[in-house]
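One structure, pasted below without further comment.
Here, each number is a calculation from the coordinates, and none is a lab measurement. All of these numbers come straight from a predicted model, not from anything done at the bench. Glycine also receives a Cβ, built like all others from the backbone with ideal geometry; neighbour counts cover every protein chain displayed.
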Amino acid sequence: MFGRIDHVGVAVTDLDEALDLYTNAYGLALVHRETVTEQGVEAALLDVGENHVELLAPLGEDTPVGKFLAKRGPGLHHVAYQTTDIESTLRMLQQSGLRLIDETPRTGIRRSRVAF
């Protein structure tokens, strides 16, 4: 079902401040930055070996990440697993009784297909 962990998503209040910490203090390389309007975030991917850290800053307080930050504060938001067939994986997860936020994939960073 899952091939590997693709990335760990971290919710942050200020993307530039977080990037300064992750690149200068932690020594991670920034590989991609973009605004993902569909998810209401500005996101940045940093390399960690064969995986990534994805920093997520909300575009507004009413977005999912904005609400997450208001309730929980900055920190771990999600762990993303890579799969070769997201639709089949979602069906198998539903059949096993897991509650999903997304029953069908949506667009993520770098035009990837994601579901929560």
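Residue by residue, what Karplus-based ³J(HN,Hα) values in Hz, rounded to whole numbers, does segment 26-40 have, using 6.51, -1.76 and 1.60 with θ = phi - 60° and x for Gly and Pro?
Here the 3J(HN,Hα) series is 8, x, 7, 8, 6, 10, 6, 9, 7, 8, 10, 4, 4, 9, x Hz.
Would you kindly state how much longer the chain becomes between ALA25 and VAL8 on full extension, computed as 0.36 nm times their sequence separation minus their alpha carbon distance, in nm to one decimal? Can you show the working numbers first?
Values: separation 17, 0.36 × 17 = 6.12 nm, distance 1.82 nm.
Length gained between ALA25 and VAL8: 4.3 nm.
What net charge do the residues around GLY108 carry, taking every other residue with its C-beta under 11 Å from that of GLY108, with Lys and Arg at +1 and Asp and Glu at -1? Write out the running numbers ahead of the final one.
Working: positive: ARG106, ARG110, ARG111, ARG113; negative: ASP6, GLU34, GLU38, GLU54, ASP102.
Combined, the nearby Lys, Arg, Asp and Glu give -1.
Over the Cα atoms of the chain, what Rg and Dmax result, in angstrom?
14.4, 44
Here's something else I'd like to know. Tell me the relative contact order for segment 4-114 as a rounded percent, counting alpha carbon contacts under 8 Å between residues six or more apart.
Values: 180 pairs, mean separation 34.2, N = 111.
Result for segment 4-114 is 31 percent.
What number comes out for the charge environment of ILE86, summing +1 per Lys or Arg and -1 per Asp or Glu over other residues with Cβ under 14 Å away?
On the way: positive: ARG91, ARG106, ARG111, ARG113; negative: ASP6, ASP85, GLU87, ASP102, GLU103.
That sum, taken over residues with Cβ under 14 Å, equals -1.
Only counting other Cβ atoms within 10 Å, I'd like SER96, SER112 sorted with the fewest neighbours first.
Values: SER96 7, SER112 15.
Result, fewest neighbours first: SER96, SER112.
Another question about this same structure. Roughly how far apart, in whole Å, are the Cα centres of segment 1-35 and segment 75-116?
Segment 1-35 and segment 75-116 have Cα centres separated by 19 Å.
With n ≥ 4 as the cut-off for DSSP H runs, can you work out [θ] at 222 nm for the chain, using -39500 (n - 2.57) per run divided by the number of residues, rounded to the nearest 500? Please report the intermediate quantities before stating the final value.
Numbers: 3 runs with 25 residues, N = 116.
-6000 deg cm²/dmol, from helical runs alone.
Tell me, ASP6, ASP62 in order of fewest to most beta-carbon neighbours within 10 Å? Can you show the working numbers first?
Values: ASP6 20, ASP62 10.
So the residues, fewest neighbours to most, are ASP62, ASP6.
What are the ³J(HN,Hα) values, in whole Hz, obtained from phi via the Karplus relation 6.51 cos²θ - 1.76 cosθ + 1.60 with θ = phi - 60°, for each residue of segment 76-85 in sequence order, with x given for Gly and Pro?
My calculation for segment 76-85 gives 4, 9, 6, 10, 9, 9, 8, 9, 8, 9 Hz in order.
Okay, next question. Give, as ranges by residue number, the residues of segment 57-86 whose backbone N falls under 16 Å from the point 7 Å along Cα→Cβ of ARG99.
So the set is empty, nothing qualifies.
For segment 1-57, what does the alpha-carbon gyration tensor say about shape, rounded, prolate or oblate, given a ≥ b ≥ c as the root eigenvalues, a/c under 1.5 as rounded, and a/b over b/c as prolate? It would help to have the intermediate numbers written out before the result.
Details: a/c = 2.13, a/b = 1.11, b/c = 1.92.
Cα axes put segment 1-57 in the oblate bin.
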